[in-house]
Amino acid sequence: MSSNLITKYSDTEIRGLLYQARKGDATALATLERRARAGHVNAQRYLGVYWFRTKEPERAVACWCAAFPHGCRWSRYYYGKALYLGRGIAQNRFWALRQWRLLSGHPSSVGRLARHALYLYATEITD
């Protein structure tokens, strides 16, 4: 994957498209989908967030899985959330915890969120 697919569109622009798509703008959704198909990692991530909140969450899982090979940690976090809730994919709490455990050592905000999810949900399973 070329690096220009990561930097070609700003994260702010992609988030703006997500916001417009949530408001019902079909053009923004089509643009977001086109960029996701072109391999833009953040477009895949945000398109997954869009689909997860609709009646077609299985499309979200496909978007997030497409972003995994390119190192999108947020997509892995959301994938774990889908697994834990059984939304868009068969529920598998063990595998959800595994996704979050992979992220838990990362020093960024996604790592902190993964550690928090592990604390909340891993203790729920063991109790």
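Reported count of residues in the range 63-105, each being surrounded by fewer than 16 Cβ atoms within 10 Å (Cβ to Cβ) and not in a helix (DSSP H, G or I), is 7. Selection of first residues in the range 25-53 that are at pLDDT 95 or above and of second residues that are assigned to a loop (DSSP other than H, G, I, E, B) and of a type in the set (Gly, Ala, Ser), restricted to Cβ pairs under 6 Å at least 6 apart or on distinct chains, gives an empty result. Determine whether the range 99-107 contains at least one residue that is of a type in the set (Lys, Arg) and more than 17 Å from ARG15 (Cα to Cα). The answer is yes; a qualifying residue exists. If you check every pair at least six apart or on different chains, which have Cβ atoms under 6 Å apart with a residue in the range 96-114 that is more than 15 Å from TYR79 (Cβ to Cβ) first and a residue that is among the aliphatic types (A, V, I, L, M) and assigned to a helix (DSSP H, G or I) second? Listed by first residue and then by second, the contacts come to GLY111/LEU103.
The values are calculated or read from the model by the stated rules, or taken from the named source; none is laboratory data. Since this is a predicted model, take the numbers as computed values, not measurements. Note: ideal-geometry Cβ built from the backbone for every residue, glycine included; neighbour counts use all protein chains shown.
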